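The values are calculated or read from the model by the stated rules, or taken from the named source; none is laboratory data. All values derive from a computational prediction rather than experimental measurement. Cβ placement follows ideal geometry from the backbone for every residue including glycine, while neighbour counts extend to all protein chains displayed.
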Amino acid sequence: MSEPERPETEMQEKMTNPPPALSEGSNPNLPSGADEPAQDWGASNHVQADDAPVPKAGAAIAETAGGDGVETHATFETMGLSDPLLRGIYANGFENPSQIQQKAIVPASKGLDVVMHAQSGTGKTGAFGIGLLNRVEPKLGATQALVLSPTRDLASQTKDVIEKLGDYLGVTTHCSIGGRSGRQDAETLRRKPDVVTGTPGRVLDNMLTKRVLDPRDLKVVVLDECDVMLSEGFYDDMRTLFEHIPKDCQVVVVSATMPPEVLKITERFMRNPVKVLIPKEEVTLRGIAQFYIDCGREDMKYAVLSDLYEKLSLTQTVIFVNYRRTAMALAEDMNRDGHTVSAIHSDMEQRERETVLQEFVNGASRVLIATDILARGIDVQQVSAVMNFDLPRDKANYIHRIGRGGRFGRKAVAINLITQRDASMIGEIEQYYSTEIREMPADIEQYM
């Protein structure tokens, strides 16, 4: 009997052979057959011991709820940003900074450690991207900023955002992820791009094994989706990273969910960080109306989904499922019924996934079916509806899923297809986020 398929998560992006964690002060050995002599980056002791005293997370949240005490800047012009950076900001459609950008950009651009917590679609990538770009010196000839993400797709999109924002600065950027040529990756890193984005496995391999990514001139390291980056699956990699970056390197951590245990861990490698936090009980999903439809049985979900597409005028929609098999079967059924559908899951090659996502962004595909591997890596402002064909196994993923709609305050709906066994999970999600998920009304189009 074959083993049942497990739900897909972001953790499946973790590289299967990451560099081993290093003891403090040690250096990895040069692999045999290296193209050139390895550089000895040394160790910086940026991270504190695991038993270092940390403040109670509850107190930290209460103290900084809503970013209290953090200076607010209502316009980009008052933030002290360079003129070329301002040109890049406005050229990419930014008019006024979002709430997280009003509070986080200035401390980030000054080199202070920053904790950013805000819901999906509020401009966190723009906030840390603008902050780090204001610190980068294009003529320095060194890699100065490193952004780590839990998935390849998110790392790739982050690189695109930073590249566009820095268009008038003359900065060079590179995305270092698996699924692409390792040789080309290494060749580009040897040229020392100003900003590197990537996933932990590939980045640490390039930094500590191949020695083509020099960490000694890093000014800032960003951990995007830090609740995942500091979880058990990535923690050893992160500790290894912080043992090899400069002691005075700025650290920025970012996420839509900030559990107390993550806040505790950040105290081990951040120095008096500026905290712009919104506790989960204050996370308001503005612009996203949330509903559920009781389908009765699992095998009735597709009939309900088909009925929705017949009755509603849906533009671009993201449908989340828990399993690859479900994604492929649902895409096949919907394409057969005349819908333009694409699907993304972890069995696909990276370039294929990038092509599928780009087609969806460009509007060539109207429906994107995805597993949780992409819950944090889709930034399409035209998405008007997000559907959970399967409820997420992890409540924390709910906000990341439905946050694919309602980007930057646009209206969107989230529709959850449930059966009787899902009723308790809906209640748990409502309690977890202090929100309300109502039964879908007949006049749902007024919410779109």
- Message: When the residues of the stretch 258-269 are narrowed to those that are surrounded by fewer than 23 Cβ atoms within 10 Å (Cβ to Cβ) and either at pLDDT 95 or above or touching a strand residue (DSSP E or B) at 6+ places or on another chain (Cβ under 9 Å) (or both), which ends up farthest from Val203 (Cα to Cα)?
- Response: Val262
- Message: Among the residues that make up the stretch 225-244, is at least one of them more than 21 Å from the chain's Cα centre (by Cα) and in a loop (DSSP other than H, G, I, E, B)?
- Response: yes
- Task: Return yes when Ala343 is in contact with a strand residue (DSSP E or B) (Cβ under 9 Å, 6 or more places away or on another chain), assigned to a helix (DSSP H, G or I) and buried (at least 21 other Cβ atoms within 10 Å of the Cβ) and no when it is not.
- Result: no
- Taking the stretch 128-156 as the region of interest, how many residues are touching a residue at least 40 places away in the same chain (Cβ under 8 Å) and in contact with a strand residue (DSSP E or B) (Cβ under 9 Å, 6 or more places away or on another chain)? 19
- Subset of the stretch 305-336 [more than 19 Å from Ala370 (Cβ to Cβ) and not hydroxyl-bearing (Ser, Thr, Tyr)]: Asp307, Glu310, Lys311, Leu312, Arg336
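Is it the case, given these coordinates, that Ser255 is more than 24 Å from Arg183 (Cβ to Cβ), small (Gly, Ala, Ser) and buried (at least 23 other Cβ atoms within 10 Å of the Cβ)?
Taking the combined requirement at face value, the residue satisfies it.
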- When you go through Asp167, Asp160 one by one, which is the residue that is in the same structural domain as Phe234 (by TED's automatic domain parsing), among the acidic types (Asp, Glu) and either buried (at least 21 other Cβ atoms within 10 Å of the Cβ) or within 18 Å of the chain's Cα centre (by Cα) (or both)? Asp160
- Message: I need a count of the residues in the stretch 314-324 that are out of contact with any His (no Cβ under 9 Å at 6 or more places or on another chain) and surrounded by fewer than 22 Cβ atoms within 10 Å (Cβ to Cβ).
- Response: 4
- Task: Considering only the stretch 217-234, state which residues are modelled with pLDDT under 95 and surrounded by fewer than 20 Cβ atoms within 10 Å (Cβ to Cβ).
- Result: Ser231, Glu232, Gly233
- Looking only at the stretch 245-266, which residues are in a helix (DSSP H, G or I) and within 25 Å of Gln99 (Cβ to Cβ)? Pro260, Val262, Leu263, Thr266
- Item | Near pairs, Cβ below 8 angstrom, 6+ apart or cross-chain, from the stretch 309-321 (closer than 20 Å to Ser346 by Cα and at pLDDT 90 or above) to any residue that is acidic (Asp, Glu) and surrounded by 24 or more Cβ atoms within 10 Å (Cβ to Cβ) | Phe320/Asp372
- With respect to Thr199, determine if the residue is more than 15 Å from the chain's Cα centre (by Cα) and of a type in the set (S, T, N, Q). no
- Message: Under 8 Å between Cβ atoms, which residue pairs at least 6 apart in sequence (or on different chains) link something in the stretch 287-300 that is under 14 Å from Glu436 (Cα atoms) with a partner that is among the hydroxyl-bearing types (Ser, Thr, Tyr) and in a loop (DSSP other than H, G, I, E, B)?
- Response: Gln290/Thr435
- Any chance Leu85 is modelled with pLDDT of 95 or more, outside any loop (DSSP other than H, G, I, E, B) and surrounded by 13 or more Cβ atoms within 10 Å (Cβ to Cβ): yes
- Look through Val221, Val203 and report the one residue that is without any contact (Cβ under 8 Å) to a residue 60 or more places away in the chain and in contact with a strand residue (DSSP E or B) (Cβ under 6 Å, 6 or more places away or on another chain). Val203
- Task: Mind listing whichever residues of the stretch 365-398 are modelled with pLDDT of 80 or more and in contact with a Ser or Thr (Cβ under 6 Å, 6 or more places away or on another chain)?
- Result: Ser365, Arg366, Val367, Leu368, Asp372, Ala385
